[in-house]
Structures are given as structure tokens and as C-alpha cells.
Amino acid sequence: MEPLDYPDTDPGPYTLVANTQGVEITHRMEWLLSRATGFFGVTNSFGGRFLSQEKPMAVFSQVLRQRGIAFIDDGQGAGRGGDLHRASAAVRIDGNLDSAAIDGQLLALEAQALQKGGAVGVGAGYPLTVTQVQSWAAAARDRGYALAPASALMTVRP
């Protein structure tokens, strides 16, 4: 999805761009969704500008609804509806690629889960992120937490 600083940051040729016509958004989404099978939902990469625009988001939501696909956003789309099964990340755990910073964000995720009964975190597949999350997850049960898929925290947002 189109980031705020697009085209300086360009996610690629099938980026969902906010000022693109609905037919082109649908075409790009169909191509993107055809790259894999067996998924229940999608998430965004970047997307600050695209997520803030009503018309392109309506097309995006319609395509997902028609296919029965959920949307898990990285937090930039929190509060957005679309009449979709949705979950929004509460915490980006690896905005700062430092072990102590990631551990701090994982604690913030736990705090969010305590306050709201559940929380979704988002991070990249960096080796450091994976290592820190593996260590944290291994001890989560001892701290009274149960890890669950993001689908367990989805709601339909009109």
C-alpha cells in the first residue's frame, strides 16, 4: 500500500496507490492475491496514505469481502472499518532493531493484552526480531499469557 512518502519509498509495481481508479486497484489486488493460496487474511506493508483515503479503501474492502478474506493491519489502519473481519496491531515490536528495545515493546504488548484482553503485535522477519520473539514466546505461558493467532482477536468493523 502507498506509504506517506511515496514515491520516495516505492513498494513495487503492484502498490495500491490512493489516486488509482477502482478498477486498477481491483486488478492489482487480484494479481497480489493470486500469488499465494491457503491464507485467511492479508496484512499491509506501509500504507499510511492509502489507508487514510475513503474511496480506495472502499474498493480494497469490497475485494476482500467478496473473497471472504480478513484484514490484519499493522496499526496504521486502526479504527478503520470496511465491514471486514479485522484486527489491528497495537504494537510494532521492532521499530528499533535493538534487543532491549524489542524486549520493551514485547512488554508493552503484554500490557496492552492485560488492559484489553488481547493484543496483536507486528514485526518484520529480521533475525533479531525472530530470536527475541522466540525467547519471549517460550516464557509467555509462565507469565500467564496464551499465544493465539491474530484471527482469534478479529472483529467485524462496519
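Only the coordinates and a few stated rules stand behind these numbers; no lab work does. Please read all numbers here as calculations on a predicted model, not as lab measurements. Here the Cβ is made from the backbone with ideal geometry for all residues, glycine too, and neighbour counts use every protein chain on show.
Put a dot 7 Å past the Cα of ALA139, heading toward its Cβ, do the same for TYR126, and the two dots end up 2.1 nm apart.
Residues within the reach of a label modelled at SER151 (point 7 angstrom out along Cα to beta-carbon, backbone nitrogen below 19 Å), restricted to the range 42-66, are 42-44, 64-66.
Calculated from the structure at hand, P(r) over Cα pairs in 10 Å bins from 0, in percent is found among (i) 9, 26, 30, 26, 9, 1; (ii) 9, 33, 32, 17, 8, 1; (iii) 10, 36, 34, 18, 2, 0 as (iii). In this simple spin-label approximation, ASP83 and ASP8 carry label points 7 Å from Cα along the Cα→Cβ vector, and these lie 3.8 nm apart.
What FRET efficiency comes out for the pair GLN53/LYS116, r = Cβ-Cβ distance, R0 = 22 Å, nearest 0.05? So the FRET efficiency works out to roughly 0.20. A simple charge model with +1 on the Cβ of Lys and Arg, -1 on the Cβ of Asp and Glu and nothing else charged puts the dipole of the chain at about 580 debye relative to its Cα centre. Dipole orientation for the range 46-104: of the candidates VAL63, ILE93, GLY75, VAL63 has the Cα lying most toward the positive pole (charges on Cβ; Lys, Arg +1; Asp, Glu -1).
Full extension of the chain segment joining GLN21 with THR37 gains 3.1 nm, where the gain is 0.36 nm per residue of separation less the Cα-Cα distance. The antiparallel fraction among DSSP beta bridges confined to the chain stands at about 25%. Charged side chains reduced to their Cβ positions (Lys and Arg at +1, Asp and Glu at -1) give the range 91-149 a dipole of some 200 debye around its Cα centre.
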